[in-house]
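Here is the structure we will look at.
The values are calculated or read from the model by the stated rules, or taken from the named source; none is laboratory data. Keep in mind that this is a model prediction, so the values were computed, not measured. Note: ideal-geometry Cβ built from the backbone for every residue, glycine included; neighbour counts use all protein chains shown.
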Amino acid sequence: MIYKSIFAIISLVFGLAVFIPYYTNIRKGAAMPHIFSWVIWTVLTGIGFFLSLKNGGGQGSWIFGLQAILCLGVAVYALNNGERKITKIDWVLFIGSIIIMPIYIFTKDAALSVAIAALLDFLAFLPTFRKSCFKPYSEPALTYIFSALSFLFSLAALQKYSFVTILYPSTIVISNGVFVLFLFLRRRALRSPSRV
């Protein structure tokens, strides 16, 4: 169906657009990616690409492959130039994600695997949420708006709709949308004069 191909192309365009403001802000020194979030997202989206493709996602799976490559670029940058303040809770979340990841990779149950992927993606977001609570301008909101849109269009491009193909991209749409709202609220709170 031609409209599926159109949705897949729109998804990929937004997928590329996701990283334009992020890479621009990295170059300017305005974005401070959290290494733990970006390493986990690189691995998850890479595995998500193969799982979605294997379970009938078709063109709707392509966004996962593109995002895995682009997330890897941010993760490599974050190794030397990312957020330096790593808290104990960041370590707990990262280690928890690493412990859970083999279950995600090696389970034969696709539904369980995708549910674990959604959980891991959420856990990977928490260090970025924590950092952004104190530094809400260290993440470009446009990146996360485009990410939500890219996965929204990837949902429309899916060849087969099932729990396995829908859950993970839906989780990404929701988590990115919530993060954008969080950023705007934190920025607004910081601009507002404090009340005594």
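Under the condition of being polar (S, T, N, Q), crowded, with 23+ Cβ neighbours inside 10 Å and more than 19 Å from Trp38 (Cβ to Cβ), the residues counted in segment 146-187 number 2. Looking only at residues in segment 147-165 that are over 26 Å from Ile20 (Cα atoms) and in a helix (DSSP H, G or I), the one that is modelled with the highest pLDDT is Phe163. A single entry from Phe122, Phe134 fulfils the requirement of being under 14 Å from the mean Cα position of the chain (by Cα) and not aliphatic (A, V, I, L, M): Phe122. Please tell me if Ala124 is under 30 Å from Leu190 (Cα atoms), in a helix (DSSP H, G or I), touching a helix residue (DSSP H, G or I) at 6+ places or on another chain (Cβ under 9 Å) and of a type in the set (Gly, Ala, Ser). Answer is yes for this residue. Within segment 101-118, the residues that satisfy the criterion of being part of a helix (DSSP H, G or I), surrounded by fewer than 16 Cβ atoms within 10 Å (Cβ to Cβ) and β-branched (Val, Ile, Thr) are Ile103, Ile105.
To keep it simple, each residue is scored yes or no on (1) part of a helix (DSSP H, G or I); (2) modelled with pLDDT under 85; (3) over 18 Å from Ser170 (Cα atoms).
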residue	(1), (2), (3)
Tyr22	yes, yes, yes
Pro33	no, no, yes
Trp41	yes, yes, no
Gln67	yes, no, no
Leu72	yes, no, yes
Lys85	no, yes, yes
Val92	yes, yes, yes
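Exactly one residue out of Leu93, Leu70 is within 12 Å of the chain's Cα centre (by Cα), surrounded by 14 or more Cβ atoms within 10 Å (Cβ to Cβ) and over 19 Å from Val180 (Cα atoms): that is Leu70. In segment 4-32, the residue that is nearest to Lys88 (Cα to Cα) out of those that are crowded, with 17+ Cβ neighbours inside 10 Å and without any contact (Cβ under 8 Å) to a residue 60 or more places away in the chain is Ile26.
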